[in-house]
């Protein structure tokens, strides 16, 4: 048996993701069972960047999440359900999904993965403080431990009790597909104060000091192995930035420059453009070099500071906790991504 302790300090250190990959390789895992308190789109995007399609095609995976307090993004569960060889369940899901505020009877809070090669009796375990979000898996300061069991040394019983309990929780959990539609509908309604899809003459007010937009899935415009940084904005969102492009602006034209203040490596200037799809388009600062890790599934918050805009990329739950009581009108794009301003 080998056991190690790691402290995650960002992508250039040992991370929960890198330990999952290392242990998986040592065990030559063909199966996995992972238990996390919550899941986000950013977590799945970070996981995909680390492991790729080969993992899903060669590994039978089971995922057990909580939806306590609505911290889990339903889009993350839906995307995981669509992965090859993956099964997803929700702890006490049939109860929690019907409670106001998704209050649990008992908090579900593990962050543990079992990686297994059953035909050889090999088991690896990675457990720590990081949840299934990009921050928890590779960006935030987290701590954890990893263990690889040597079946030839008679160590299998060390992980057996924990794995048995994890399987009991799995057996008692609700298949995600049974509650996902209800959860997604209630999750969206709990977030929005007055969501609507703006009419042609509704317009976006502007300029505003604080405004935001959900990113959803971000296309891998920088290559399959790197997080994307280009997103579409609804037509007219440029008004929030203080711009007022003409209605007859040709497609694929520059609307104007935006100066972003980022957590690391100073200010970055990017052009806001009108894309060929008639939507406004922005290429954001490169995430891994400007302190953002990944944009997928995050809520981008733009805060005016003089002639620049401070850019933050928040998980949905963190955005709700920080700005939820200050949201003004919440608007929705045709894709379902939401946006608006904050008073």
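Is one or more of the residues making up the range 102-113 more than 20 Å from the chain's Cα centre (by Cα), surrounded by 14 or more Cβ atoms within 10 Å (Cβ to Cβ) and either under 18 Å from residue 21 (Cβ atoms) or modelled with pLDDT of 95 or more (or both)? Please lay out each step first, then the result.
Initial filter on the range 102-113 (more than 20 Å from the chain's Cα centre (by Cα)): 103-107.
Cutting the leftovers down to surrounded by 14 or more Cβ atoms within 10 Å (Cβ to Cβ) gives us 104.
Still in the list and also either under 18 Å from residue 21 (Cβ atoms) or modelled with pLDDT of 95 or more (or both): 104.
Checking the range 102-113: at least one residue is more than 20 Å from the chain's Cα centre (by Cα), surrounded by 14 or more Cβ atoms within 10 Å (Cβ to Cβ) and either under 18 Å from residue 21 (Cβ atoms) or modelled with pLDDT of 95 or more (or both).
Identify all residues within the range 134-146 that are assigned to a strand (DSSP E or B) and crowded, with 17+ Cβ neighbours inside 10 Å; write none if there are none.
Here is the first cut: in the range 134-146, the ones assigned to a strand (DSSP E or B) are 142-146.
142, 144, 146 - these are the residues of the range 134-146 that are assigned to a strand (DSSP E or B) and crowded, with 17+ Cβ neighbours inside 10 Å.
Just to be sure before I move on: is residue 297 touching a residue at least 24 places away in the same chain (Cβ under 8 Å), under 19 Å from the mean Cα position of the chain (by Cα) and in a loop (DSSP other than H, G, I, E, B) in the structure I sent? So that I can check it myself, show each step before the final result.
Details: touching a residue at least 24 places away in the same chain (Cβ under 8 Å): yes; under 19 Å from the mean Cα position of the chain (by Cα): yes; in a loop (DSSP other than H, G, I, E, B): yes.
Yes, satisfied.
Would you check which residues across the range 147-164 are modelled with pLDDT of 90 or more and either surrounded by 12 or more Cβ atoms within 10 Å (Cβ to Cβ) or touching a strand residue (DSSP E or B) at 6+ places or on another chain (Cβ under 8 Å) (or both) and list them?
Quick first cut of the range 147-164, residues modelled with pLDDT of 90 or more only: 147-148, 162-164.
Answer for the range 147-164, where residues must be modelled with pLDDT of 90 or more and either surrounded by 12 or more Cβ atoms within 10 Å (Cβ to Cβ) or touching a strand residue (DSSP E or B) at 6+ places or on another chain (Cβ under 8 Å) (or both): 147, 148, 162, 163.
Can you tell me which condition residue 277 does not meet? The list is (1) over 21 Å from the mean Cα position of the chain (by Cα); (2) closer than 22 Å to residue 209 by Cβ; (3) modelled with pLDDT under 95, and all the others hold.
So the condition that residue 277 fails would be (2).
Going by the structure shown, is residue 241 assigned to a loop (DSSP other than H, G, I, E, B), modelled with pLDDT of 95 or more and within 18 Å of residue 285 (Cβ to Cβ)?
On the way: assigned to a loop (DSSP other than H, G, I, E, B): yes; modelled with pLDDT of 95 or more: yes; within 18 Å of residue 285 (Cβ to Cβ): yes.
Answer is yes for this residue.
Got a sec? Which of 219, 215 is in contact with a strand residue (DSSP E or B) (Cβ under 9 Å, 6 or more places away or on another chain), within 29 Å of residue 8 (Cβ to Cβ) and modelled with pLDDT under 95?
Numbers: 215 fails: modelled with pLDDT under 95.
Only one candidate qualifies: 219.
Tell me, yes or no, whether the range 80-93 has at least one residue that is at pLDDT below 95 and either over 15 Å from the mean Cα position of the chain (by Cα) or buried (at least 21 other Cβ atoms within 10 Å of the Cβ) (or both). Write out each step before concluding.
Here is the first cut: in the range 80-93, the ones at pLDDT below 95 are none.
The answer is no; no qualifying residue exists.
Can you tell me which of (1) loosely packed, with under 14 Cβ neighbours inside 10 Å; (2) under 28 Å from residue 242 (Cβ atoms); (3) modelled with pLDDT under 90 is the one residue 189 doesn't meet?
The one condition residue 189 does not meet is (2).
From the set of residues in the range 292-304 that are touching a strand residue (DSSP E or B) at 6+ places or on another chain (Cβ under 7 Å) and either over 19 Å from residue 207 (Cβ atoms) or modelled with pLDDT under 95 (or both), which is surrounded by the most Cβ atoms within 10 Å (Cβ to Cβ)? Spell out how you get there, then give the answer.
Pass one, the range 292-304, residues touching a strand residue (DSSP E or B) at 6+ places or on another chain (Cβ under 7 Å): 292, 295, 298-303.
Okay, now just the ones that are also either over 19 Å from residue 207 (Cβ atoms) or modelled with pLDDT under 95 (or both), so 292, 295, 298-299.
On the way: 292: 23, 295: 24, 298: 29, 299: 22.
Taking the candidates together, the pick is 298.
Which residues, taken from the range 324-343, are out of contact with any helix residue (DSSP H, G or I) (no Cβ under 9 Å at 6 or more places or on another chain), surrounded by fewer than 17 Cβ atoms within 10 Å (Cβ to Cβ) and not in a strand (DSSP E or B)?
Correct list: 325, 326, 334, 335.
Quick one: is residue 118 farther than 18 Å from residue 40 by Cα and in the same structural domain as residue 181 (by TED's automatic domain parsing)?
Details: farther than 18 Å from residue 40 by Cα: yes; in the same structural domain as residue 181 (by TED's automatic domain parsing): yes.
Criteria met by residue 118.
The values are calculated or read from the model by the stated rules, or taken from the named source; none is laboratory data. Everything numeric here is computed off the predicted structure, so don't read it as measured data. Neighbour counts run over all protein chains shown; Cβ positions are idealised from the backbone, glycine included.
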